[in-house]
Amino acid sequence: MSSSKPPRPETALVKHEPPRSHAMDDLSSQLLWLATQKRAWRSLAVVGASEGAPTIEVANMLARLAWWYRGEPSSVADFRDLSLRLVEFQLGDVASQLERGPGTVVIALRSIAENPTVVPVARTVDAAVLCIRLGVTKIASSRKTVEAIGRDKFLGTLVVGGEDKASKTP
């Protein structure tokens, strides 16, 4: 017994949906990726310009973009709470990871007001991105950060929302 009517969508085994583009291929992701390509880099620091900047989220996003557009392994190193005693050791780990083969390492760092290890780490990597919080970060703290690390290290600035996720209650 055959029916000429197609099955109702809720009973069909396979649902046909129009193809969707991948989130990494949206316009804002593409523009962000192109902005980070001003010069070659394999290690990139995401530096907070003020307290509470969401550098780990930004680092994760940039690592995913690096994997998507380069097709190479990428990883995130969370150095937000790195102690001065361990800077050399951790930077040695990053260097050995990069020596083993192709790939990128994106390092999340706090602001220099929160952790002084930001400066030696950011000076050591290939490039950096300054992460500022809209309506929160003061221009003076951004300038102080750029001056402490060196203007030539920075590829640019990424502006994120000013709301602090850590202070929100579920």
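The values are calculated or read from the model by the stated rules, or taken from the named source; none is laboratory data. All of these numbers come straight from a predicted model, not from anything done at the bench. Positions of Cβ are backbone-derived with ideal geometry, glycine not excepted, and every protein chain shown enters the neighbour counts. With ligands, DNA and RNA removed, areas are computed over all heavy atoms of the protein, side chains included. Shrake-Rupley method; radii C 1.70, N 1.55, O 1.52, S 1.80 Å.
What to note about this one:
- Of all residues making up the stretch 135-163, the number that are closer than 17 Å to Ile56 by Cα, in a loop (DSSP other than H, G, I, E, B), in contact (Cβ under 8 Å) with a residue 12 or more places away in the chain and open to solvent by 30 Å² or more (accessible area, probe 1.4 Å): 1
- Subset of the stretch 40-57 that is aliphatic (A, V, I, L, M) and open to solvent by less than 10 Å² (accessible area, probe 1.4 Å) - its residue that is nearest to the chain's Cα centre (by Cα): Val46
- Scanning the stretch 117-134 for residues that are within 16 Å of Val58 (Cα to Cα) and in a loop (DSSP other than H, G, I, E, B) returns a single hit, Leu134.
- Remark: Glu72 matches the filter, which requires a residue to be modelled with pLDDT under 95, out of contact with any Cys (no Cβ under 6 Å at 6 or more places or on another chain) and surrounded by fewer than 17 Cβ atoms within 10 Å (Cβ to Cβ).
- Extreme residue, nearest to Ser43 (Cα to Cα), among residues of the stretch 113-128 that are among the aliphatic types (A, V, I, L, M) and open to solvent by 10 Å² or more (accessible area, probe 1.4 Å): Val119
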